[in-house]
2 protein chains.
Amino acid sequence: MRWAVLLAGGSGTRFWPLSTPQTPKHLLPLSGAISTAEEAVERLAGLIPRERVLVVAGELLAGRLRALLKLPADNFLIEPQPASTAPALIWATWEARRRDPDAEVLSLHADWAVGDASAFRRTADDALRTAGAHDRLVTVGIVPSRPETGYGYIVPGAPLDEGARTVARFSEKPDAATALDLMAAGALWNSGLFAWTAGRLLAEVARHTPEVAPAVPRLEADDVPGFFRGVTPISIDVGLLERSGAVAVVTGTFAWDDVGTWQALARVRPKDPSGNVVVGIGVLQDSHDCIVWSDRDPVVLCGVQDLVVVQANGRILVMPTDRAATMKQLLDALPPEIRDIDG
Amino acid sequence: MRWAVLLAGGSGTRFWPLSTPQTPKHLLPLSGAISTAEEAVERLAGLIPRERVLVVAGELLAGRLRALLKLPADNFLIEPQPASTAPALIWATWEARRRDPDAEVLSLHADWAVGDASAFRRTADDALRTAGAHDRLVTVGIVPSRPETGYGYIVPGAPLDEGARTVARFSEKPDAATALDLMAAGALWNSGLFAWTAGRLLAEVARHTPEVAPAVPRLEADDVPGFFRGVTPISIDVGLLERSGAVAVVTGTFAWDDVGTWQALARVRPKDPSGNVVVGIGVLQDSHDCIVWSDRDPVVLCGVQDLVVVQANGRILVMPTDRAATMKQLLDALPPEIRDIDG
């Protein structure tokens, strides 16, 4: 049967001061009226039932996720410590196989904005069928809409069938010139939407991922903390997909965004005729290409452009949109009493 | 004896959303820890005692001014309706003469930031002595520090004595090129700091100010509302000083500012090494020449310049500093429910 594994961790820094460690971006209604985590579960409707959606996150978020997502209580897999995506996905895949020896797993993240849910489901269905038919680890590559330097790219190789190809290589976070070259050469964004059979995933891990494989027996012994203590944190891309020969790619044509910065709201939210995105009460005069988010006070902008203006959790942030990608440096330099937000 | 007349009206729009009709700029601690209205009274200490400081304002501000300024109750002259500066100053001068037939009057505004209180008092003393010695209406001209287009200018004429000169002409709010020419030619800012004997002022009004003179008998009849109903609103500059031949100018060398816009805070408040003014809690990273005012939330600016960022009275305003002069247009275009601030 088909299972979904929803990765729902996150440090809560990218959308400061709105996001916090207790409420990272995927718990916020960034792209619409509900959180992207809820959207992620809703989006699977008709493809994978809620009973077979597993969620991986840390203890800090467990309560909020349980309340939001309304999944069976034992579908929440609470990591005892963070260890990047390979251990999380390997654990969840192992757990799916424990419950269902024939488990096929779709791996996804809780922080995505997706333009077309039907196209998403069709592509996910393709990926799962490809994973079974070719016995490969299948990545979904998104047709890029811009030469984004914050994403990884997949360069497709030879055709496997009508929809699937092998992977020639992965290219992680290229510089701007390389991103343009990759885009021109038909490379795809590595979305993190993956599909595999549990059996193939665990076999490939045994062969290629020494950072995690030796700890897998701890899972057999029902010792999850021991598993996490025994692994070296590593991503599934670096720790497995880039090493395995048994990889394939199918192409996703739906709009996809990981809503990684305040600037991303301009891609995933409706804009006014001047290119502004306003969430909350905002009045913009002679201003364009701004992003305004207010959880309390009306915000008046006059004669400005390309600014992010946020009021949230008792803080006000003003920065150019093109600084949004450097939020971590900004926060590192803030006095803790201003940076740290309760609750 | 010497009397001061403090003009303390104001519509409360220039420092929106901090200033309101109930709390216009001169009731706010814009240039320091106390309001400019309080500073104005304190600054007179040693020159004119509080018992002889008259304050002219509308009913809306009467309560706040009484509480702030701690002057005798009957020193507050409450205008039944606004009518610009000529009726206000003529009424107050008339009232001073009623209490003291030999009254000499110093006229000043409640919204000034003054750099050097001693120099201010010396100049005011000069102006009062000149008014008596030459029996003229005396203006204090401030040596300009920039070609400001928002002020009026005084072009001095022939010397009257060591410190005083006649006035060749007034030039109201020149364009930028004219302001530069005026500055180069030695013209002075018309500050609104005036001195006259009550007798000379009322005699000149009778001769030159038909907009007000016919109503003065209403004051004799103790009918202040009738006086205001009988006048045509006009400024003392246009309605009298520009018309009278009996005018003189003395030169003020102290820093003087009417704190007319948010941008003015950069002149009257201490700046950080990057030219930023911050009132309230602000953290500025890689930002310069900004003005930040917050009455509640910490404000974080990153990578911006020449911005005004204000949180006050439950509103947030962001605009370039050079837009601060157009606040009235901004407010006219705001929805009333955002523009209008209670209390």
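Couple of notes before you dig in:
- Among the listed pairs A:25/B:25; A:271/B:328; A:25/A:173, those with a Cα-Cα distance over 31 Å are A:25/B:25.
- Using the Cβ-Cβ distance between residue A:229 and residue A:203 with R0 set to 30 Å, the FRET efficiency works out to roughly 0.80.
- Shortest-first distances to equivalent copies, position residue B:74, nm, label 7 Å out along Cβ: 9.1
- 3J(HN,Hα) along the range A:281-290: 8, x, 10, 10, 10, 6, 10, 9, 6, 9 Hz, from the Karplus curve 6.51 cos²θ - 1.76 cosθ + 1.60 with θ = phi - 60°, whole Hz, x for Gly and Pro.
- GluC sites (Glu not before Pro), loop per DSSP, at most 15 other Cβ atoms within 10 Å - longest free stretch of chain B: B:173-343
- Hz values of 3J(HN,Hα) by residue in the range A:90-105 - Karplus curve (6.51, -1.76, 1.60), Gly and Pro given as x: 5, 4, 5, 5, 4, 5, 4, 5, 4, 7, 8, x, 9, 4, 10, 10
- Under Karplus coefficients 6.51, -1.76 and 1.60, residue-wise ³J(HN,Hα) of the range B:121-129 in Hz, glycine/proline x: 5, 4, 5, 4, 4, 4, 5, 5, 5
- Residue with peak Gaussian network fluctuation, chain A [Cα springs, cutoff 10 Å], from A:217, A:17, A:144: A:217
- Across the range B:39-75, the residues whose backbone nitrogen lies under 17 Å from the label position 7 Å along the beta-carbon direction of residue B:22 are B:58-68.
- Percent of alpha-carbon pairs separated by more than 23 Å within the range B:2-257: 49
- Length added when fully stretched, residue B:184-residue B:70, from 0.36 nm per residue minus Cα-Cα: 36.8 nm
- In the assembly of identical copies, residue B:274 has its label point, taken 7 Å from Cα in the direction of the beta carbon, separated from the corresponding points by 2.6 nm (ascending, one decimal).
- Of the Cα atoms belonging to the range A:262-339, the radius of gyration and Dmax stand at 12.5, 38 Å.
- Each other copy holds its own label point for residue A:332; taking that point as 7 Å from Cα along Cα to Cβ, the gaps run 5.0 nm, nearest first.
- On full extension, the segment bounded by residue B:172 and residue B:279 gains 35.2 nm, given 0.36 nm per residue less the C-alpha separation.
- In terms of surrounding Cβ atoms within a 10 Å radius of their Cβ, A:134, B:109 rank from fewest to most as A:134, B:109.
- Think of it as helices only: each DSSP H run of n ≥ 4 in chain B is worth -39500 (n - 2.57), and spread over all residues that comes to -8000 deg cm²/dmol at 222 nm.
- If R0 equals 25 Å, the separation of the Cβ atoms of residue A:116 and residue A:329 corresponds to a calculated FRET efficiency of about 0.10.
- Sites matching trypsin sites (Lys or Arg not before Pro) across the range A:273-343 that sit in DSSP coil, with at most 16 neighbouring C-beta atoms within 10 Å: A:296
- The residues neighbouring residue A:84, those whose beta-carbon lies less than 13 Å from its own, together hold a net charge of -3 under the Lys/Arg +1, Asp/Glu -1 convention.
- Take the Cβ atoms of residue A:271 and residue B:161, set R0 to 51 Å, and the FRET efficiency comes out at 0.15.
- Counted by Cβ distance under 12 Å from residue B:207, the other residues give a net charge of +1, where Lys and Arg count +1 and Asp and Glu count -1.
- Within straight-line reach of residue B:70, meaning a Cα separation under 18 Å, sit the following aspartates and glutamates at least 8 residues removed in sequence or on another chain: B:38, B:39, B:42, B:51, B:59, B:111.
- Trypsin sites (Lys or Arg not before Pro) lying in DSSP loop within the range B:229-277, provided at most 16 other Cβ fall within 10 Å: B:243, B:271
- Between 0 and 90°, nearest 10: helix A:198-208 axis offset from chain A longest Cα axis: 90
- Fewest-first ordering of A:7, A:30 by other beta carbons within 10 Å of each residue's beta carbon gives A:7, A:30.
- Taking the DSSP beta bridges with both ends in chain B, the antiparallel portion is around 45 percent.
Bear in mind that the values in this text are calculations on the coordinates, not laboratory data. These figures come from a predicted structure and were not determined experimentally. Here the Cβ is made from the backbone with ideal geometry for all residues, glycine too, and neighbour counts use every protein chain on show.
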